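Just below is one structure, and these are the notes that go with it.
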Amino acid sequence: MKYFFVLLGALYCACPPSLAEPADPKAYLQMLFENKGGYTIPEEEITAILTAGGHPQYGEITYDSASHILNDLDLTKNDVFYDLGSGVGKLVLQVYLTTPVKKSVGIELSKTRWNIAETCRRQIASDEHTTAGRDLSFLNQNISATNISDATVCFISGITFPQPLIHSIMDRLSAIDHEVKVISVLPLPFHKHFKLLKTYTLPMSWSPEGVEVCLYQLTPTSQFEPAENLSKLDRKRKRRVLHEED
Ligand SMILES: C[S@@+](CC[C@H](N)C(=O)[O-])C[C@H]1O[C@@H](n2cnc3c(N)ncnc32)[C@H](O)[C@@H]1O
């Protein structure tokens, strides 16, 4: 009997049970965000976001739509995820809780939304769903002023983002010296470093019937071959745009 307990102890030390992922992450996140709000923000925040060159309009990717994309991406412990305009932080937390990424970061200008994200982050830590060595953070900052050079995967739901903000994000992402995948709700403007890999039609909080979501790959400038960077999908889309312009 004594040996049985010694063996059990040794087994526990060799492979302790992981507390990191809640048994049902979708239900856990639903519970966490219950009655937290975030859709409406004070007038002065709206003005501050517009003055900073952003846009305060709110809407969320659903848990199931995000799961669909995450299954495809197959993220690893070497990945660094950013949600550029993270709202109350649901997607950042879903990525942290359901994938092995080493870092999941949300950037959000609205203090109200950022506060909700921070409250939930602290709750997750006190529920022991965070793991040492993996970073989960929310920055109350302008996307334009945040260093995202370690990103390997970025999400942008910037349907209402002003064009200068979209272009500055795309330019900064294309200057990164390693490969980056970018998921965008609605197509991004054409950019020679962005190769369209795949499109989805996925439900969002504001559109149960689904909207187009595009997955792009960015090749580091040093390895960039302009002719190769156009995918079949890019060429099809370019032809369609030219045709529509005629
Ligand atoms: C459409 S919501 C997307 C929320 C979340 N990413 C999702 O899909 O579930 C866009 C968010 O970007 C924020 N935002 C807009 N411009 C910004 C900027 N320049 N810097 C940081 N956040 C910004 C808005 O306040 C809003 O919360």
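Quick notes on this one:
- Residue within region 62-69 that is of a type in the set (Val, Ile, Thr), more than 21 Å from Ile176 (Cα to Cα) and more than 10 Å from the ligand (Cβ to nearest atom) present: yes
- Within region 101-110, tally of residues that are within 21 Å of Ile41 (Cα to Cα) and more than 10 Å from the ligand (Cβ to nearest atom): 0
- Region 112-143, residues that are among the charged types (D, E, K, R) and within 10 Å of the ligand (Cβ to nearest atom): Arg113
- Where His167 falls short, out of the listed (1) within 23 Å of Val211 (Cβ to Cβ); (2) in contact (Cβ under 8 Å) with a residue 40 or more places away in the chain: (2)
- Output for region 185-199, where each listed residue is touching a helix residue (DSSP H, G or I) at 6+ places or on another chain (Cβ under 9 Å) and in a strand (DSSP E or B): Phe194, Lys195, Leu196, Leu197, Lys198, Thr199
- Residue count, region 70-95 (criterion: more than 24 Å from Ile176 (Cα to Cα) and away from the ligand (no atom under 11 Å from the Cβ)): 1
- Among the residues making up region 230-240, those that are modelled with pLDDT of 70 or more and either among the aliphatic types (A, V, I, L, M) or surrounded by 13 or more Cβ atoms within 10 Å (Cβ to Cβ) (or both) are Leu230, Ser231, Leu233, Asp234, Arg237.
- Here Asp171 clears all of (1) within 15 Å of the ligand (Cβ to nearest atom); (2) in contact with a strand residue (DSSP E or B) (Cβ under 6 Å, 6 or more places away or on another chain) except the condition numbered (2).
- Residues in region 144-155 that are surrounded by fewer than 23 Cβ atoms within 10 Å (Cβ to Cβ), hydrophobic (A, V, I, L, M, F, W, C) and either more than 14 Å from the chain's Cα centre (by Cα) or near the ligand (Cβ under 8 Å from one of its atoms) (or both): Ala145 only.
- Within this structure, Val180 passes the test of being within 16 Å of the chain's Cα centre (by Cα), more than 10 Å from the ligand (Cβ to nearest atom), hydrophobic (A, V, I, L, M, F, W, C) and over 21 Å from Lys90 (Cα atoms).
So that you can scan it fast, the table gives a plain yes or no per residue for (1) within 16 Å of the chain's Cα centre (by Cα); (2) in a strand (DSSP E or B); (3) surrounded by fewer than 16 Cβ atoms within 10 Å (Cβ to Cβ):
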position: Thr160; (1), (2), (3): no, no, yes
position: Ser168; (1), (2), (3): no, no, yes
position: Thr201; (1), (2), (3): no, yes, yes
position: Val213; (1), (2), (3): yes, yes, no
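The values are calculated or read from the model by the stated rules, or taken from the named source; none is laboratory data. Quick caveat: nothing in here was measured; it's all calculated off a predicted structure. Positions of Cβ are generated from backbone atoms using ideal geometry, with glycine treated the same way; all protein chains shown enter the neighbour counts.
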